[in-house]
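The values are calculated or read from the model by the stated rules, or taken from the named source; none is laboratory data. All of these numbers come straight from a predicted model, not from anything done at the bench. Neighbour counts run over all protein chains shown; Cβ positions are idealised from the backbone, glycine included. Surface areas here come from the heavy atoms of the whole protein model, side chains and all, with no ligands, DNA or RNA. Shrake-Rupley method; radii C 1.70, N 1.55, O 1.52, S 1.80 Å.
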Amino acid sequence: MEVENVLVTGANRGIGLEFVRQLIKLPKPPRYVFATYRDENTTEALEKIIDTTKRTQIQLVKMDVRKRNEIETARKVIEDIVGDEGLNLLINNAGAFRWLGFSEITEEDLVFHFSTNTVGPIMVLKEMLPLLQKSAARKASSLSVCRAAVVNISALLGSITELNGQQVMISHNIKAMSYRISKAALNMAMRAIACTVKDQGILVVNITPGWVKTDMGSERAQLEVADSVSTMLRTFPLLNESHHGAFLDRNGKWSKMSTQASTQ
């Protein structure tokens, strides 16, 4: 996979941090990786990665996806550095998770998840769109990550089809009510956006990383974060027009949210 400029949101921990760690180790690593964080006290791991790389410039960018002004500032920082090259790849990774079932959820909890997991990624994409358009315009190839792409880190818990009566009976995951709703909304939002930007040469894909051992996924999860991210990075170069608007697993297979490769 050859990408020049990459933005990873929520890069100070978990899956986002691992993306940064593995991107710079690619045979042909990006020229720039923009890694966002919310709290300046949480960048120690990123700073250690910076000390290990010589071929990639890692730029730390303070950005809370719930704050419009910080998203705008982040875009200006990136634009000043990449110029007319634009942004090859946006990895919309930042997210939030709380264990609350229907009887426990509050309006505040719903708004918190929706603003972080749905509104945030949408507004980040909207703000970065001109930079993605610049990158797409530089190549006349078909849709691909190497041209211009947005990969949204979603979750199988956001699949309406996947949730059935039997699963409700056997799974405690139904308690993640607000999280499920926000991820389902993210999947629909990006499916609609995919229809809007397809003719602009920008690939949009939703991908679930699996149940990963992070602060969000807990130690009970099935996958090590390094395994999940390495699988996704192997999948990225395979993504093309047939995956546009799709909801995929980390191996690039269609999830149960959709039954055909179409954004119609």
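Structural remarks
- Using θ = phi - 60° in the Karplus curve 6.51 cos²θ - 1.76 cosθ + 1.60, the 3J(HN,Hα) couplings for segment 145-155 round to 5, 6, 8, 6, 8, 10, 10, 9, 7, 9, 7 Hz; x is entered for Gly and Pro.
- Computed 3J(HN,Hα) for segment 21-38, one whole-Hz value per residue from the Karplus formula 6.51 cos²θ - 1.76 cosθ + 1.60 where θ = phi - 60°, is 4, 8, 4, 6, 9, 4, x, 10, x, x, 6, 10, 10, 9, 10, 9, 8, 9, glycine and proline marked x.
- Neighbour count of at most 11 Cβ within 10 Å plus DSSP loop: longest trypsin sites (Lys or Arg not before Pro)-free window in the chain: 56-219
- Added length on full extension, which subtracts the Cα-Cα distance from 0.36 nm per residue, THR196 to LEU238: 12.9 nm
- Across all directions, the average flat footprint of the convex hull enclosing the Cα atoms of the chain is 13.6 nm².
- In segment 1-76, lysine pairs closer than 22 Å at Cα, eight or more apart or cross-chain: 7
- Segment 1-72 shape via C-alpha gyration tensor axes, a/c threshold 1.5: prolate
- 0 to 90° range, to nearest 10: angle between helix 225-235 axis and the chain longest Cα axis: 60 degrees
- Summarising the strand pairing of the chain, around 5 percent of its internal DSSP beta bridges are antiparallel.
- A straight Cα-to-Cα reach below 20 Å connects LYS213 with the lysines LYS175, LYS183, residues fewer than 8 places away in its own chain not being considered.
- Rounded to the nearest whole Hz, the Karplus-based 3J(HN,Hα) values (6.51 cos²θ - 1.76 cosθ + 1.60, θ = phi - 60°) of segment 64-81 follow the sequence 9, 5, 8, 10, 4, 5, 6, 5, 5, 5, 4, 4, 5, 4, 5, 4, 4, 8, with x at glycine and proline.
- Close amide H contacts of ALA246 (hydrogens built in the peptide plane, cut-off under 5 Å, sequence separation of 5 or more or a different chain): ASN206.
- Computed FRET value (nearest 0.05) for THR53 with ASP109, which takes r as the C-beta separation and R₀ as 45 Å: 0.70
- Per residue, in Å², the accessible surface of the chain once ligands and nucleic acids are set aside, probe 1.4 Å: 47 Å²
- Placing R0 at 22 angstrom, the Cβ-Cβ distance between GLU72 and ARG138 gives a FRET efficiency of 0.40 after rounding to 0.05.
- For LEU60, the residues whose amide H sits under 5 Å from its own are ALA35, ignoring neighbours fewer than 5 places away on the same chain, with H placed 1.01 Å from N.
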